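The values are calculated or read from the model by the stated rules, or taken from the named source; none is laboratory data. Keep in mind that this is a model prediction, so the values were computed, not measured. Cβ: placed from backbone, ideal geometry, glycine included. Neighbour counts: every protein chain shown. In case anyone asks, the SASA skips ligands and DNA or RNA and just uses the protein heavy atoms, side chains included. Shrake-Rupley method; radii C 1.70, N 1.55, O 1.52, S 1.80 Å.
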Amino acid sequence: ETDKVLKERTSDSAWQTVSVSYGPQYLKLGPLAATVEGGLLESQILKQASADLNRPVELNSIQYKWLPYEFSWRWGLKEDVGHQGYHGLKAKVNKDNISFGIVNRKSKAKPTYTLDNENNGTIYYLWTTVRSTTQKLTSISKGGLLPSKIFVNGTEIALKDSFALLNKGENSILLKYEKTGRGYFVFQTEKAETSFVKPVDLATDWYLNPTVLPYNCFPQNSVSYGLYHFASPPGAKFMYVSSNSTPEAWVSGNKLMVKELSSERVKNADKNLSIWQIALTDTILCSAKVELRLPQLAGYCGGAAIPEPIRFDCGKGEITLGDLDKVESLRTYSGGMWYRKTVKITAKQAESKSIVLDLGDLVASANVYVNGQLVGKKTTSPWIFDLTAKLKTGENSIEVLVYNTLGNHYLNTHSQYIGRTKSGLLGPVKVVFAK
């Protein structure tokens, strides 16, 4: 069945782009206007007892569809990173996991931008489930933007309550909000450990906290799978996927061998997270389409099924001139890139009184080597190097080492500060001999 799906899939436009560790934790209804809601929609939601992407809430012959609401237990909000800072993360990730409204990036309230009301209204509903091993009283941690109503298993509880009685098994949670803003809402075991120390600094207070009860907004899916595809970087030999479920992998339609590497777990923030090594049958010289199939565990769907970035072990590969920000497999890479070319020149050219290497355009620094010898370094334009008396008759090796900026790496972080992502040797490149 998986092979059939992979073969018959349409264009990339039919796929949704996901980010590592970000996945749906709630189903959201809204924004709604107060005149539309009027309390009647709420009663319809409560009648259904559970939410489903494929089952809209109907009122007066109008259907209101549930949509996934994502956040990361580690990184928090996705499109509204909050007060981590607009120059990187500032060694801080705030603990908000709820944000309603339009982020006003033109406002001067940096690094925490103001939120404007959405056109359709300011009323939102969030639905999910929380699983409890026994019937017990659990703690509710909430702050910032607070819900106007809280329903646990269809029964409204007081807003001031900091505890809720959960039944054994899945418990439905419905939250109603009537304002824009940011906040957090988390269920924890009754004896929440105040002495919990985060295993990594760059994480919310909820990440890997044993007292936190995870959400599951798809409790009806006993068995489901996620299909993922992306481009491999040039020279790829091995791929390492961090996941709690066992992946299957294909490259260019060929199924690959997968094995678990327990020794590699130390490289993850979560040391209990499995790492799977996927060996490519042949080194991919340029790039190829990689496809993964992952079982979706409760609370770990979409990007959350892959909590850590996928890593590649690469050998020599090939890239062409041009902006690497436009190359899917390299747009988040920050580091060095080698460009090598062998040129053959005549004795007359070698004796020219002026030989210039013009690299055209590049980002953001260049070291130039001729026949293994460093001839110059530059960090600003013009990217022109003097090769006079440095070339010999016959074949010559010209190598250019280009480093880009950290902006490409920051594309992985959802930071408000990204910086310049244009990178690589753009060219055109030419060697000019004096006439």
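Taking the stretch 363-396, which residues are open to solvent by less than 40 Å² (accessible area, probe 1.4 Å), under 14 Å from residue 343 (Cα atoms) and either of a type in the set (S, T, N, Q) or without any contact (Cβ under 8 Å) to a residue 12 or more places away in the chain (or both)?
Correct list: 396 only.
What are the residues in the stretch 398-418 that are open to solvent by less than 40 Å² (accessible area, probe 1.4 Å) and either among the small types (Gly, Ala, Ser) or assigned to a strand (DSSP E or B) (or both), if any?
Once the filter is applied, which keeps residues that are open to solvent by less than 40 Å² (accessible area, probe 1.4 Å) and either among the small types (Gly, Ala, Ser) or assigned to a strand (DSSP E or B) (or both), the stretch 398-418 yields 398, 399, 400, 401, 402, 407, 415.
Of the numbered conditions (1) buried (at least 16 other Cβ atoms within 10 Å of the Cβ); (2) more than 21 Å from residue 212 (Cβ to Cβ); (3) over 27 Å from the mean Cα position of the chain (by Cα), residue 180 satisfies every one except a single condition; which is it?
Result: residue 180 passes all but (3).
Sort out which residues of the stretch 320-342 are open to solvent by 40 Å² or more (accessible area, probe 1.4 Å) and either outside any loop (DSSP other than H, G, I, E, B) or over 30 Å from residue 243 (Cα atoms) (or both), and write them in order of number. Give the derivation first.
Start the filter on the stretch 320-342 by keeping residues that are open to solvent by 40 Å² or more (accessible area, probe 1.4 Å), which leaves 320-321, 326-328, 331-333, 338, 340-342.
Answer for the stretch 320-342, where residues must be open to solvent by 40 Å² or more (accessible area, probe 1.4 Å) and either outside any loop (DSSP other than H, G, I, E, B) or over 30 Å from residue 243 (Cα atoms) (or both): 320, 321, 326, 338, 340, 341, 342.
Tell me which of these residue 353 doesn't satisfy, since it passes every other one: (1) open to solvent by 40 Å² or more (accessible area, probe 1.4 Å); (2) in contact with a strand residue (DSSP E or B) (Cβ under 7 Å, 6 or more places away or on another chain).
(2)
Does the stretch 262-282 hold any residues that are in a strand (DSSP E or B) and surrounded by 15 or more Cβ atoms within 10 Å (Cβ to Cβ), and which are they?
Within the stretch 262-282, 275, 276, 277, 278, 280 meet the criteria.
Would you check which residues across the stretch 113-135 are over 22 Å from residue 25 (Cα atoms) and either open to solvent by less than 40 Å² (accessible area, probe 1.4 Å) or part of a strand (DSSP E or B) (or both) and list them?
113, 114, 116, 121
Inspect the stretch 201-208 for any residue being out of contact with any Asp or Glu (no Cβ under 7 Å at 6 or more places or on another chain), of a type outside the set (Phe, Trp, Tyr) and open to solvent by less than 20 Å² (accessible area, probe 1.4 Å) and give the result as yes or no. Give the derivation first.
Going residue by residue through the stretch 201-208, those that are out of contact with any Asp or Glu (no Cβ under 7 Å at 6 or more places or on another chain) are 201-207.
This time we only want the ones that are of a type outside the set (Phe, Trp, Tyr), so: 201-205.
If we keep only those that are open to solvent by less than 20 Å² (accessible area, probe 1.4 Å) too, we end up with 203-204.
Within the stretch 201-208 (the criterion being out of contact with any Asp or Glu (no Cβ under 7 Å at 6 or more places or on another chain), of a type outside the set (Phe, Trp, Tyr) and open to solvent by less than 20 Å² (accessible area, probe 1.4 Å)), the answer is yes, since at least one residue qualifies.
Does residue 358 qualify as being more than 18 Å from residue 284 (Cα to Cα), surrounded by fewer than 18 Cβ atoms within 10 Å (Cβ to Cβ) and not hydroxyl-bearing (Ser, Thr, Tyr)?
Here the answer is yes, as residue 358 does meet what is asked.
In this structure, does residue 165 turn out to be open to solvent by 20 Å² or more (accessible area, probe 1.4 Å) and assigned to a loop (DSSP other than H, G, I, E, B)?
Here the answer is no, as residue 165 does not meet what is asked.
Scanning for something touching a Gly at 6+ places or on another chain (Cβ under 7 Å) and of a type in the set (S, T, N, Q), does the stretch 228-239 turn up at least one residue?
no
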